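Here the structure comes first, spelled out in structure tokens, and everything after it is commentary.
No lab work stands behind these numbers, since they all come straight from the coordinates. Small disclaimer: the values here were computed from a predicted structure and weren't measured. All Cβ positions, even for glycine, are placed from backbone atoms using ideal geometry, and neighbour counts span all protein chains on display.
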Amino acid sequence: MIDWGWLAGHLDAIAYRTAQHVYLAALGVAIGFAISFVLALVAARHRALYPPISALAGILYTIPSLALFAALISITGFSVVTAEVPLVMYTLVILVRNIVAGLDGVPGEVLEAADGMGHTRRQRLWRVELPLAVPLIVAGLRLATVSTIGLVTITGTISDAFGGLGYFILDGYHRGNFLTEMYAGALPSILLALGADLLFVRAQRRVTPWAHARALEATS
Amino acid sequence: MNLVTATAVWLTDPAQWAGQAGIPNRLLEHVLIASISLAIALLLALPAGLAIGHTGRGAAVAASLANLGRSLPSLAVIAIAIPVTVLVDPVLGGTVLPTLVAMVVLAVPPILVNAYTGIAEVDRDLVEAGRGMGMREREILTGIELPVALPVVLGGIRSAAVQIVATATLGAIFGGGGLGRFLVDGIAQRDDGQVFGGVLLVAALAIATEVAVGLLQRLARSPGLRRGGRGPVVGIAPPPPVLGM
């Protein structure tokens, strides 16, 4: 059932697609984190802005990924931008929500103590609020990374040039359900997702040595 | 021809509104497969979630299972399911069934997690009061815990339904029907009008699903628990500690 010859002949391709998968996912999460961080800080300072930011992000999150990729093809063509923009947009919902929740979770007494010690607002944010929000921020990064790794497989519908490991799933299907190739894409992509999840669980433990890591369940 | 006119032309072409490849039939296919997989996921996850929430047993196992399910890339689940589903049905097993499997696998975690956390977070005083009144365990679950937890339980169903509508579009990649056909065929044919028309339809269906279950969720909030409702506000447990501090 497994075509070992195909596997042996495609080890380079599998390595290349795995690296591409990690690259596309990491780029999406990194850009998404940068944007979310700014949005969350703005939302935390100007509370009135949070509901509209959150609502807009929520609507974007609802739109199926295939539709977002397809929509962008007509605008940005078969480029890497078409692959990355939806990946970034999906991370925004998870990350903004978790960063804001992390900042909100800082107890009032702690803020008062920081103020009493003469911290300026900026110092209080960077030295007190953000460090205390780190566990929830890491929990958000975990969810965002794992879901982005899943979504990268779908970028293969844009063009054969993308898709990471998802390329093999689509290509194998187009060859008439060539299972060896489909599994060569499916199994490593699952391992990547689970590996990333595990990595962030470790990171969560490390940043909250005083407690068992508690992830904020991203449910509504 | 620019994007807007191409889309408008495609959407208003009478040919799009009739026949097997028409919008109404594709919408019906999409809703049908989504409903079937949501029903299967509910059957699998809801009783288990309620039981775990009520008894508190198996929560850790369910949480890690749910986390596993949530981590799986949907396209990978479809690919992995194919050899199994082909054995079940040689024709449908290569097209619709693997997508159905993926939809169920991805819909179970949110339903399960919200069902058991919703039930587990019901104010213990309420449950004890029920017990003191001589209610049986089943009566406590259906008469107290479920009504109080219903908005949370429905929240999980909402996430699952939206997830299912999204995954159903992927079925078109594997030769299935549904609204995803317009996206996949439109990309293959470089037909911008069809792609964008499909995008609008798929997005509208997803948002409609979210809004519909959201409304249901709002209605499900028990009158006794609504803020400003009559009587004392009971049953709203204090928010769980977020940081574990």
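Structural remarks
- Charge context of B:Ala172, other residues only, Cβ under 13 angstrom, K/R +1, D/E -1: 0
- Comparing region A:4-207 with the 2.2 N^0.38 Å rule of thumb, its C-alpha radius of gyration ratio is 1.21 (two decimals).
- Between 0 and 90°, nearest 10: helix A:65-76 axis offset from chain A longest Cα axis: 80 degrees
- Nearest 10 degrees, 0 to 90: helix A:11-45 Cα axis against chain A principal axis: 20 degrees
- Inter-centroid distance (Cα atoms) of region A:121-175 relative to region A:1-58, Å: 3 Å
- R0 of 35 Å, Cβ-Cβ distance A:Leu56-A:Trp4: FRET efficiency to nearest 0.05: 0.10
- For the segment B:162-175, counting C-beta atoms of other chains within 10 Å of every residue's C-beta and taking the mean gives 4.
- Neighbourhood net charge (15 Å Cβ-Cβ; Lys/Arg +1, Asp/Glu -1) for B:Ala21: -2
- The Cβ shell under 15 Å around A:Tyr50 holds other residues with a net charge of +2, Lys and Arg each +1, Asp and Glu each -1.
- The distance between label points at A:Leu191 and B:Glu139 comes to 5.6 nm (points 7 Å beyond Cα on the Cα→Cβ vector).
- Short to long, the 10 Å bins of the Cα pair-distance histogram for region B:1-91 hold 12, 24, 27, 21, 12, 4, 0 percent of all pairs.
- FRET efficiency estimate (nearest 0.05) - Cβ-Cβ, A:Val81 to B:Val211, R0 35 angstrom: 0.70
- FRET efficiency for the B:Leu3 to A:Asp115 pair, using the beta carbon distance and R₀ = 60 Å, is estimated at 0.70.
- Region A:4-207: relative contact order in percent, alpha carbon pairs under 8 Å with at least 6 residues between: 27 percent
- The mean count of C-beta atoms from other chains within 10 Å of the C-beta of residues in A:186-193, rounded to a whole number, is 5.
- On Cα atoms only, tilt of B:146-170 relative to the major axis of chain B in degrees: 20 degrees
- Summarising the amide proton neighbourhood of B:Asp123: residues at separation of 5 or more, or on other chains, whose placed amide H is nearer than 5 Å comprise B:Ala237.
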